[in-house]
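Visitor: This is the structure I have questions about; it appears just below.
Where a number appears in this text, it was derived from the coordinates with a stated rule and is not lab data. Keep in mind that what you see is a predicted model, and the values were worked out from it rather than measured. Ideal geometry is used to build each Cβ from the backbone, glycine not excepted, and the neighbour counts take in all protein chains shown.
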Amino acid sequence: MIISRISILNFKNIEEADLLFSPKMNYLFGNNGMGKTNLLDALYYLSFTKNQTNLFDSQLIKHDGDFCILQGFYHEGDSLEEIYCGLKRKQKKIFKRNKKEYERLSEHIGLIPLVMVSPSDIDLIRGGSDERRKFVDMLICQYNKDYLHALIRYNKALQQRNSLLRNVVSNENDLYEIWETTLASEGEFIHRTRMEFVSEFISVFKEYYRNISNETETIDLQYDSQLNDAIFHVLLTEKREKDKILGYTSTGVHKDDFRFLLDSYLIRKIGSQGQCKTYLIALKLAQFRFLVRKGSCLPILLLDDIFDKLDADRVEQIIHLVSQPEFGQIFITDTNRKYLDEILKGIDHDYKLFQVNNGIINELK
């Protein structure tokens with residue numbers, strides 16, 4: 001999928017922009033805080049209907065504005081797509097595909113596959129298990145609609161069971177059975193799909209890490225779940241009385257984690273800044289290739305300030321990788337043109353260069 005044009009009004013610090021993009025390489029440079037990442041966030045929002053850093057929608061509207069509009073114009077072969085997003089304070093956001101509003105935002109997920117590498121990815125390593133689950137879930141949802149719908153049904157049943165746990169009601173055992181049956185059915189499917197994902201994904205991930213690091217370290221990704229060695233419905237029944245005391249459901253796939261390992265140890269405990277960044281970049285590049293393998297059209301790749309904290313050898317390897325034909329449209333941001341000019345020397349395909357200053361984005365000819 002290629003985005004040929006974006007129109008922006010009052011998104012973060014970008015008051016107004018109407019930009020035409022290269023189908024291959026798009027480079028944005030400018031000082032920190034000028035709005036480079038905000039443009040990438042707009043692209044991300046048009047793909048996933050939400051912000052990649054989990055800001056409230058109202059926080060995306062320019063401070064002195066009452067509304068925000070994003071319009072993206074995409075093509076894949078002869079197929080054309082116009083995606084519209086309108087945000088207004090204290091009102092429901094509107095998403096449209098080719099001028100027709102979605103009934104459910106979940107219908108949009110997967111239409112415009114996208115992979116973003118950004119400094120905030122460090123939360124995948126340093127943060128809690130919910131960050132890693134969100135990464136895996138969003139990846140799988142881009143190619144597996146059944147998984148997306150299972151997550152929606154699971155979370156609804158989880159909310160209902162938690163409500164029961166906090167409130168004593170009549171005939172509660174029957175109600176518990178209803179929601180626990182749904183939790184068990186959807187949870188087992190989610191668990192099985194995550195297991196299959198890790199099994200397929202790990203080889204692609206390790207290959208990218210080896211290419212970037214020149215095989216100086218070994219890495220792994222392991223799936224940690226209570227369901228690995230237990231039957232979910234049995235667990236729910238056994239934990240019911242304890243959960244009544246706690247007031248929430250203490251077992252299930254919503255407690256799963258993914259262990260990020262470097263030389264058999266948790267990378268968050270032993271990894272340097274450079275090693276953590278290499279791990280995350282390899283993880284995201286593997287995400288890109290995995291989506292393509294699963295039948296997705298070529299995702300848009302966003303690389304936000306990825307060269308900081310990396311040595312020259314790793315930078316060179318990344319530049320070499322993303323310049324390969326297997327990658328489609330790419331957006332790269334940096335604070336100066338040092339690495340951008342280096343990339344430009346080694347490519348023979350189309351590109352555009354943009355300078356960003358206080359939310360104003362200008363194409364350099």
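Visitor: Using +1 at the C-beta of Lys and Arg and -1 at the C-beta of Asp and Glu, which of VAL322, THR181, PHE29 has the Cα lying farthest in the positive direction of the dipole of the chain?
Guide: THR181
Visitor: Find the relative contact order for the range 141-211 and round it to a whole percent, using C-alpha pairs within less than 8 Å whose residues are 6+ positions apart.
Guide: 38 percent
Visitor: Of LEU9, VAL292, LEU124, whose Cα points farthest to the positive end of the dipole of the chain (charges on the beta-carbon: +1 Lys, Arg; -1 Asp, Glu; origin at the Cα centre)?
Guide: Comparing the listed Cα positions along the dipole, LEU9 ranks first.
Visitor: List the aspartates and glutamates whose Cα sits under 14 Å from the Cα of LYS92, skipping any in the same chain fewer than 8 residues away.
Guide: By straight Cα distance, LYS92 reaches ASP57, ASP66, GLU101, GLU103.
Visitor: Taking 7 Å along the Cα-to-C-beta vector as the label spot, tell me the VAL234-GLU76 distance in nanometres, rounded to one decimal.
Guide: It works out to 4.3 nm between the two label points.
Visitor: Here's another thing I want to ask about it. Taking the chain as the reference, fit the longest principal axis to its C-alpha atoms, fit the long axis of helix 273-293 to the helix C-alpha atoms, and give the angle between the two in degrees, 0 to 90, nearest 10.
Guide: The angle comes out at about 80 degrees.
Visitor: Same structure, new question: Can you give the relative contact order of the chain as a percent, counting alpha carbon pairs under 8 Å and 6+ residues apart?
Guide: The value is 26 percent.
Visitor: How many nm separate the modelled label positions at GLU217 and LEU111, each set 7 Å beyond the Cα in the direction of the Cβ?
Guide: Modelled inter-label distance: 4.0 nm.
Visitor: What's the ranking of 156-168, 21-33 by average number of surrounding C-beta atoms within 10 Å, highest first?
Guide: Highest-to-lowest ranking by the protection proxy: 21-33, 156-168.
Visitor: Mind checking the angle between helix 312-322 and the chain's longest principal axis? C-alpha axes, 0 to 90 degrees, to the nearest 10.
Guide: Orientation of helix 312-322: about 80 degrees from the principal axis.
Visitor: Something else: Write down the percent of antiparallel bridges among all DSSP beta bridges whose residues are both part of the chain, to the nearest 5.
Guide: Here the share of antiparallel DSSP bridges comes out near 70 percent.
Visitor: If you don't mind, there's one more thing I want to ask. Could you give the size of the charge dipole of the chain about its Cα centre, using +1 on the Cβ of each K and R and -1 on the Cβ of each D and E, expressed in debye and rounded to the nearest 20?
Guide: Dipole magnitude for the chain comes out near 740 debye.
Visitor: Next question, about the same structure. Just to be sure I understand: with springs between alpha-carbon atoms less than 10 Å apart, which residue in ASP137, ASP121, ASP243 has the highest mean-square fluctuation in the Gaussian network model of the chain?
Guide: Its mean-square fluctuation being the largest, the pick is ASP243.
Visitor: While we're on this one: Calculate the dipole size of the range 211-260 relative to its Cα centre from +1 charges on Lys and Arg beta carbons and -1 charges on Asp and Glu beta carbons; express the result in debye to the nearest 20.
Guide: Once rounded to the nearest 20, the dipole reads 440 debye.
Visitor: Taking 30 Å as the cut-off for C-alpha to C-alpha distance, list the pairs among LYS277/LYS338; LYS24/LYS277; LYS36/LYS99; LYS96/LYS255; LYS294/LYS338; LYS93/LYS134 that go past it.
Guide: As for pairs spanning more than 30 Å Cα to Cα, those are LYS96/LYS255; LYS294/LYS338.
Visitor: Give the angle, between 0 and 90 degrees and rounded to the nearest 10, that separates the Cα long axis of helix 172-213 from the longest principal axis of the Cα atoms of the chain.
Guide: 30 degrees
Visitor: Let me ask you something else. Given THR249, LEU261, PHE201, which one lies farthest toward the positive end of the charge dipole of the chain, if we put +1 on the Cβ of every Lys and Arg and -1 on the Cβ of every Asp and Glu?
Guide: Farthest towards the positive pole: THR249.
Visitor: Moving to a separate point now. Measure off 7 Å from each Cα along the Cα-to-Cβ vector at GLN159 and ASP311, then give the distance between these two points in nanometres to one decimal.
Guide: 5.0 nm
Visitor: Note down the magnitude of the dipole of the range 1-100 about its Cα centre, charges +1 on Lys and Arg C-beta and -1 on Asp and Glu C-beta and zero elsewhere, to the nearest 20 debye.
Guide: Dipole about the Cα centre, nearest 20: 400 debye.
Visitor: May I pose another question? Run the paramagnetic zone check for ILE202: 7 angstrom along Cα to Cβ, then residues of the range 230-269 with backbone nitrogen under 14 Å.
Guide: Correct set: 258-265.
Visitor: Could you calculate the contour length gain from ARG5 to LEU20, that is, 0.36 nm times the residue separation minus the distance between their Cα atoms, to one decimal place in nm?
Guide: So the chain would gain 5.0 nm between ARG5 and LEU20.
Visitor: Normalised by the residues of the range 126-296, what does the relative contact order come to in percent, with Cα pairs under 8 Å and at least six apart?
Guide: 30 percent
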